[in-house]
Amino acid sequence: MAHPAQLGFQNAASPIMEELLHFHDHALMIVFLISALVLYIISLMLTTKLTHTNSMDAQEVEMVWTILPAIILILIALPSLRILYLMDEINNPHLTIKAVGHQWYWSYEYTDYENLLFDSYMTPTQDLPLGGFRLLEVDHRVVVPMESPIRILISAEDVLHSWAVPALGIKTDAVPGRLNQTTLITSHPGLFYGQCSEICGSNHSFMPIVVESTPLKLFETWSNTMVYS
């Protein structure tokens, strides 16, 4: 959950988000090193009048400043490609959930169950429970079993939407007439909040997403209650 004056990312709640955080730190360290080197060179140029004439036309220097950026790009590209493949890989999901964006709410269908489907609307401010988050709480949460691979099928009914939960490292567009998919594995129980991150209309910021991660036994109890209610 984000908090005021937060400068970094939310705490990771899935293995993919942990990998994204590690890659962010890796790339940021490279950016810091390059920035420090450039700042050092600029300060030298501004503070000294001496110029080494041999360095103005030297093949060795040109080779260094050609090869070094290529090596840096490789150091960034390899872990980036690894994470892309991890995010795209879906192997034997234990559960499939279909999320459909509407103006302006989400519909969810648990395709492995016969009658488990519901709409998820934002809870109005006057109906919030004590301690509830304004503009983030919903009347029906997406409940998933903890530490289980979940496949999310995402589409839209009318306009472009985007199903995004920062703590889980998920942001997938919901496009009318197209079925996108993503995967998630929650590493611990809790509530994880997100919002539609596509400008889908006047109420764009009023269709939040709440994913509730629970142990498997509690999930089974919840699913039975929803199916037979």
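The values are calculated or read from the model by the stated rules, or taken from the named source; none is laboratory data. This is a predicted model, so every value here is computed, not measured. Every residue, glycine as well, gets a Cβ built from its backbone with ideal geometry; the counts of neighbours run over all protein chains shown. Ligands, DNA and RNA are excluded from the accessible area calculation, which covers all protein heavy atoms including side chains. Shrake-Rupley method; radii C 1.70, N 1.55, O 1.52, S 1.80 Å.
Any idea what % of Cα-Cα pairs in the range 2-41 are farther than 12 Å? That tail contains 67 percent of the Cα-Cα pairs.
Considering the chain, its Cα convex hull presents a mean projected area of 18.1 nm².
With a simple spin-label model that places each label point 7 Å from the Cα along the Cα-to-Cβ direction, the separation between Ala36 and Leu160 comes to 4.0 nm. Computed from backbone phi with θ = phi - 60° and the Karplus coefficients 6.51, -1.76 and 1.60, the 3J(HN,Hα) list for the range 93-107 is x, 7, 8, 10, 10, 9, 10, 10, x, 10, 8, 10, 7, 10, 10 Hz; x is used for glycine and proline. The phi-based Karplus calculation (6.51 cos²θ - 1.76 cosθ + 1.60; θ = phi - 60°) puts the 3J(HN,Hα) values of the range 17-26 at 5, 4, 5, 5, 5, 5, 5, 4, 5, 4 Hz, whole numbers, x for Gly and Pro. The listed residues Tyr40, Tyr121, Tyr105, once ranked by accessible area (1.4 Å probe) with the largest placed first, stand as Tyr40, Tyr121, Tyr105.
Solvent-accessible area of Ser213, all protein chains in place: 0 Å² (probe radius 1.4 Å, heavy atoms, ligands and nucleic acids excluded). For the chain, carbon and sulfur atoms together expose 62% of the accessible surface, with a 1.4 angstrom probe and every protein chain in place.
Accessible surface computed residue by residue for the range 95-228, with neighbouring protein chains in place and a 1.4 Å probe, gives 49 Å² per residue.
Dipole magnitude for the chain: computed about the Cα centre from +1 point charges on Lys and Arg Cβ and -1 point charges on Asp and Glu Cβ, it is near 380 debye. With all protein chains in place and ligands, DNA and RNA left out, the 1.4 Å accessible area ranks His3, His140, His102 as His3, His140, His102, largest first.
Among the protein heavy atoms, those of Ser202 account for about 100 Å² of accessible surface (1.4 Å probe, every chain in place). The figure for Glu157 is an accessible area of roughly 120 square angstrom, using a 1.4 Å probe on the protein chains alone. One quarter of the surface of the convex hull around the alpha-carbon atoms of the range 95-228 equals 7.9 nm², the direction-averaged projected area. Partners of Lys217 within straight-line reach, counting lysines whose Cα lies under 29 Å from its Cα and excluding those fewer than 8 residues away in the same chain: Lys98, Lys171. For the set Lys171, Lys217, Lys98, the ranking by accessible area, highest first and with no ligand, DNA or RNA atoms included, is Lys217, Lys171, Lys98 under a 1.4 Å probe. Dividing the helix sum by the residues of the chain, where each DSSP H run of 4 or more adds -39500 (n - 2.57), gives a mean residue ellipticity at 222 nm of -12000 deg cm²/dmol. Note that the range 1-41 presents 74 Å² accessible area per residue, ligands and nucleic acids not counted, probe 1.4 Å. Helix 216-228 and the longest principal axis of the C-alpha atoms of the chain enclose an angle of approximately 50°. Couplings 3J(HN,Hα) of the range 109-122, computed from phi: 9, 8, 5, 7, 10, 6, 10, 9, 8, 7, 9, 10, 9, 5 Hz, in residue order, whole Hz [Karplus 6.51 cos²θ - 1.76 cosθ + 1.60, θ = phi - 60°; x for Gly and Pro].
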